[in-house]
Amino acid sequence: MGKKIKKEVEPPPKDVFDPLTIESKKAATVVLMLKSPEEDILAKACEAIYKFALKGEENKATLLELGAVEPLTKLLTHEDKTVRRNAMMIFGILASNSDVKKLLRELEVMNSVIAQLSPEEEVVIHEFASLCLANMSVEYTGKVQIFEHGGLEPLIRLLSSSDPDVKKNSIECIYNLVQDFQCRTTLQELNAIPPILELLRSEYPIIQLLALKTLGVITCDKEARTMLKENQGLDHLTKILETKELNDLHVEALSVIANCLEDMDTMVLMQQTGSLKKVLSFAENSTIPDIQKNAAKAIAKAAYDPENRKVFHEQEVEKCLVTLLGSDSDGTKIAASQAISAMCENLSCKEFFNTQGIPQIVQLLRSDNEEVREAAALALANLTTSSPANANAAAEADAIDPLINILSSKRDGAVANAATVLTNMATQEPLRAIIQNHEIMHALLGPLHSTNTLVQSTAALTVAATACDVEARTQLRNCGGLVPLVGLLHSKNDEVRRHASWAVMVCAGDEPMAVELCRLGALNILEEINRSLSRKNKFSEAAYNKLLNNNLSLKYSQTGYLSSSNIISDGFYDYGRINPGTKLLSLKELCLQELNDQRAILLVNNKSDTSPPPSMEDKSSDVGYGRSISSSSSLRRASKEKANAGFGSPTEEKSEPASGRNTVLSRAFTKEKGVSKKKSRLQLICSSYLLWKGKGKKEEEKVKEEEEILAVPKFTEGSPEKEWYPPPDPEFCVYVLEVTKSILPIVNLKEQIEVLAKYVADKMGGKIPKEKLADFSWELHISELKFQLKSNVVPIGYIKKGIFYHRALLFKALADKIGVGCSLVRGEYSRGWNEVKLVNEARKGMIGNLPPPEEYIVDLMFHPGNLLKLRSKEADLYRFL
């Protein structure tokens with residue numbers, strides 16, 4: 001045998017690097033290895049980084065700082081499966097860090113991640129790729145990128161994966177995506193309902209829960225609910241509710257059912273199959289607050305449909321809701337109250353709650369929880385709307401006091417609901433009185449000052465409902481409620497403006513309130529509103545007219561018309577025509593003005609006693625037109641002598657010289673020596689002004705002053721500290737007494753009008769033929785009166801030479817005193833006339849429908865007492881000649 005020769009080992013090539021084993025303890029070193037071209041090193045480096053990232057959030061942040069993310073993104077497309085898998089595992093973990101997510105979005109790696117969901121990839125890659133997408137989908141921008149890169153379809157496919165982690169990650173990502181409407185629409189197109197329903201059979205509760213949550217979102221759309229019903233999804237949900245072991249899923253299952261109950265078809269189907277009864281019974285008997293709350297929410301959501309309310313009523317849902325009101329959970333109480341609010345749109349349900357439910361709801365008004373009080377007030381608002389019986393039931397349950405307390409709540413919804421309930425109650429007079437006794441007007445101050453339009457609207461409506469009598473309106477004025485109420489008229493909200501106008505209309509029911517509202521600018525605001533076609537409404541027009549009807553002086557100045565229902569009262573004055581928006585000064589302000597050359601202001605004042613009687617020590621006082629304190633006894637004497645002189649004997653006036661001074665006052669200038677010491681009627685009238693001229697004067701000064709007043713009854717401005725009274729008009733007082741005594745007893749209306757017309761004409765200068773109208777010097781007469789009275793305000797009784805508008809005003813004032821209906825119309829060029837309505841005497845005995853009364857104009861100038869048909873040539877000549 002030959003000797004064995006040992007083989008020599010061939011040395012490695014000189015250009016090959018000898019293998020090197022390195023043990024690294026620094027993450028930075030391993031991150032550097034991610035750039036290695038060797039697959040084994042890449043795989044091991046990725047595995048080490050994955051383990052490092054699993055240890056906590058700080059390690060994820062460290063890797064981000066070391067720059068590991070960018071080289072890892074390149075490994076997602078590596079040819080080696082192991083490298084690709086390990087890199088994907090790292091991203092699945094790292095993507096939970098918000099900074100990493102932000103960087104991943106910037107690096108646009110979404111395509112690479114979604115590509116890992118392909119069926120050819122391993123289950124492990126599916127798991128971590130879906131986990132990465134689930135983490136990325138938490139933020140909106142991540143949702144957008146996933147959807148735009150087509151990530152929804154592969155995620156739906158992975159719902160059928162055999163791996164539970166893949167299913168969990170996929171359904172979680174889908175749940176995040178469907179929060180967006182566009183994703184929900186695409187999900188339905190991809191027929192995702194069946195695989196999601198299949199997840200309800202999973203043995204893992206988290207997968208079932210996520211599936212139910214996803215269904216709860218997508219069934220907000222009608223198409224998804226239809227698909228759910230077609231795939232027997234209601235059966236799956238009912239079985240979950242019937243299974244006690246799945247009680248952790250009951251809340252979410254009820255949420256899905258709540259959405260489905262919005263469809264009438266689904267409601268009927270559940271009623272037919274008995275599922276609806278099971279759901280209601282389950283909710284009523286459950287002890288879990290969230291289940292009760294969601295059941296009540298389901299009822300509330302479905303009950304907005306009228307047909308659904310009928311079905312619920314047939315299933316006696318009211319009993320279930322009353323039971324839920326007694327829950328210990330505030331959330332359940334709120335949901336039950338909201339459900340009752342929706343259900344009481346049905347009249348039968350509203351009647352049921354009259355005896356059961358209202359007392360419990362009233363108790364909730366006293367809750368410490370503001371949301372509970374708001375929901376209870378909402379339920380009560382709907383229950384009492386158009387239901388006097390329920391309003392009474394609420395009052396009997398002592399609801400008024402807590403409702404008024406809620407008006408000071410910080411929650412606008414609670415305030416609006418409480419105000420609505422009080423408005424509904426106030427439609428009944430007994431309840432309105434009780435509400436007023438609780439100082440409702442003071443409680444409404446806060447809501448009236450609110451900036452919330454709903455609160456403003458309901459508060460104004462409550463004012464309109466409760467300010468129906470003088471006491472309530474006075475309370476509102478005294479507490480300062482008129483200022484914010486008038487301010488609401490400026491609102492740009494139509495409903496607020498409408499309700500505020502309504503409230504102003506109600507508040508203008510008496511003259512003091514109307515005057516105060518006008519002072520606050522309500523009339524000007526309403527006038528501006530009514531000039532706008534888009535802003536005006538029926539209530540703004542009615543409020544404007546109501547204010548004018550309680551301020552006839554302003555109405556006549558603005559419109560030039562008073563109807564037969566506008567009764568002239570004492571203190572009325574005719575300023576003349578004013579333009580819209582022009583402020584009309586008060587009578588006091590006009591009386592205190594300096595004498596000017598403008599048109600005389602005509603005053604109607606029948607008050608014979610305008611001031612308290614002077615004291616024994618002070619028998620005279622210093623007054624003027626601005627301080628009209630008259631002697632009641634002298635006025636009564638003047639009136640008595642005037643009445644005794646007989647009706648229809650104006651001999652003194654007719655015997656006046658043609659100097660233009662045929663007034664009672666001007667006749668004082670003819671006084672001479674030797675006149676009888678007995679006072680004439682003129683002296684009695686003028687004696688009513690004696691107390692106006694000075695206080696503490698000597699007797700001889702009084703005598704001298706009396707003579708001066710008889711010559712010129714001068715009115716001087718009085719002391720500002722004394723109460724002001726309108727100037728008296730003794731002559732007009734006599735007129736009223738005479739027409740009351742002589743004309744009022746006349747039975748025939750036409751005869752009354754004719755006699756009154758002649759009487760007025762006699763007092764105003766008698767008959768004036770048309771051809772002599774230009775010679776009738778009434779202007780000089782009025783100017784003399786203004787000069788003698790030292791005022792621009794002239795009482796109507798002092799005018800003895802009156803033209804059209806003087807006579808028309810006197811006729812209207814006297815007609816109103818004796819109940820003769822007539823209107824007052826202002827014309828052009830000192831024209832004014834009265835219109836009356838009379839039924840044709842020949843037609844009074846007709847059987848059947850009577851024709852409408854005919855309208856006439858009363859002639860007070862040319863042929864006093866003549867009645868001219870309104871649309872006749874004679875009437876036109878009288879008005880416009």
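Restricting attention to segment 709-720, does a residue exist that is among the β-branched types (V, I, T), under 28 Å from I803 (Cβ atoms) and modelled with pLDDT under 85? Yes, segment 709-720 contains at least one residue that is among the β-branched types (V, I, T), under 28 Å from I803 (Cβ atoms) and modelled with pLDDT under 85. Screening E106 against (1) over 54 Å from the mean Cα position of the chain (by Cα); (2) in a helix (DSSP H, G or I); (3) surrounded by fewer than 16 Cβ atoms within 10 Å (Cβ to Cβ) leaves a single unmet condition, (1).
All but one of (1) open to solvent by 20 Å² or more (accessible area, probe 1.4 Å); (2) at pLDDT 95 or above hold for S830, so report the exception by its number. Unmet for S830, out of (1) open to solvent by 20 Å² or more (accessible area, probe 1.4 Å); (2) at pLDDT 95 or above: (2).
Suppose the filter is within 60 Å of the chain's Cα centre (by Cα) and open to solvent by 50 Å² or more (accessible area, probe 1.4 Å); does L54 pass it? Considered against the rule, which asks whether it is within 60 Å of the chain's Cα centre (by Cα) and open to solvent by 50 Å² or more (accessible area, probe 1.4 Å), L54 comes out as yes.
Within segment 275-298, residues that are open to solvent by less than 50 Å² (accessible area, probe 1.4 Å) reach partners that are not in a helix (DSSP H, G or I) with beta carbons closer than 7 Å, at six or more positions or on different chains, in the pairs L276/Q315; L280/Q315; Q292/S286; Q292/S327; Q292/S329; A298/L261. When K167, K213 are screened for being assigned to a helix (DSSP H, G or I), of a type in the set (K, R) and within 20 Å of L254 (Cα to Cα), only K213 passes. All of S367, S348, S337, S341 fail the test of being open to solvent by less than 60 Å² (accessible area, probe 1.4 Å), touching a helix residue (DSSP H, G or I) at 6+ places or on another chain (Cβ under 7 Å), in contact (Cβ under 8 Å) with a residue 12 or more places away in the chain and farther than 27 Å from E307 by Cα, apart from S367.
Using the structure shown, decide if K758 is under 20 Å from S557 (Cα atoms), surrounded by 15 or more Cβ atoms within 10 Å (Cβ to Cβ), modelled with pLDDT of 95 or more and not aromatic (F, W, Y). The answer is no for K758.
Considering segment 222-298, the qualifying helices (runs of 4 or more DSSP H), each wholly inside and each with 2 or more residues that are modelled with pLDDT of 80 or more and under 21 Å from A336 (Cβ atoms), run over 250-260, 264-273, 275-285.
Cβ-Cβ distances below 6 Å connect the following pairs, each with a first residue in segment 511-534 that is surrounded by 15 or more Cβ atoms within 10 Å (Cβ to Cβ), a second residue that is of a type in the set (S, T, Y) and modelled with pLDDT of 90 or more, and a separation of six or more residues or different chains: L526/S540; L526/Y544; I529/S540; N530/S540; N530/Y544. The helices (runs of 4 or more DSSP H) located wholly in segment 375-448 that include 1 or more residues which are closer than 19 Å to G357 by Cα and either at pLDDT below 95 or open to solvent by 30 Å² or more (accessible area, probe 1.4 Å) (or both) occupy 388-396, 400-406, 412-426.
Set side by side, the residues E242, E252, E223 differ, and just one is open to solvent by 20 Å² or more (accessible area, probe 1.4 Å), touching a Gly at 6+ places or on another chain (Cβ under 9 Å) and among the charged types (D, E, K, R), which is E252. Checked against (1) among the small types (G, A, S); (2) over 22 Å from A376 (Cα atoms); (3) in a loop (DSSP other than H, G, I, E, B); (4) within 11 Å of the chain's Cα centre (by Cα), G480 passes all but condition (4). Could you check, for segment 170-184, whether at least one of its residues is in contact with a His (Cβ under 9 Å, 6 or more places away or on another chain), closer than 29 Å to N86 by Cβ and either assigned to a helix (DSSP H, G or I) or charged (D, E, K, R) (or both)? Yes. Among the residues of segment 502-531, those that are outside any helix (DSSP H, G or I) and modelled with pLDDT under 90 comprise G509, D510, G521, R531. Counting the residues of segment 119-134 that are open to solvent by 30 Å² or more (accessible area, probe 1.4 Å) and touching a residue at least 12 places away in the same chain (Cβ under 8 Å) gives 6. Here L562, L547 are screened, and the one residue that is in contact with a strand residue (DSSP E or B) (Cβ under 8 Å, 6 or more places away or on another chain), open to solvent by less than 60 Å² (accessible area, probe 1.4 Å) and in contact (Cβ under 8 Å) with a residue 40 or more places away in the chain is L562.
So is E120 over 23 Å from G67 (Cβ atoms), modelled with pLDDT under 90 and over 52 Å from the mean Cα position of the chain (by Cα) or not? So E120 fits the description; yes.
Scan segment 135-170 for residues that are touching a helix residue (DSSP H, G or I) at 6+ places or on another chain (Cβ under 6 Å), open to solvent by 50 Å² or more (accessible area, probe 1.4 Å) and either closer than 16 Å to M88 by Cα or of a type in the set (D, E, K, R) (or both) and the total you get is 3.
The values are calculated or read from the model by the stated rules, or taken from the named source; none is laboratory data. Keep in mind that what you see is a predicted model, and the values were worked out from it rather than measured. In this analysis, Cβ positions are derived from the backbone assuming ideal geometry, glycine residues included, and neighbour counts consider all displayed protein chains. Surface accessibility is based on the protein's heavy atoms, side chains included, excluding ligands, DNA and RNA. Shrake-Rupley method; radii C 1.70, N 1.55, O 1.52, S 1.80 Å.
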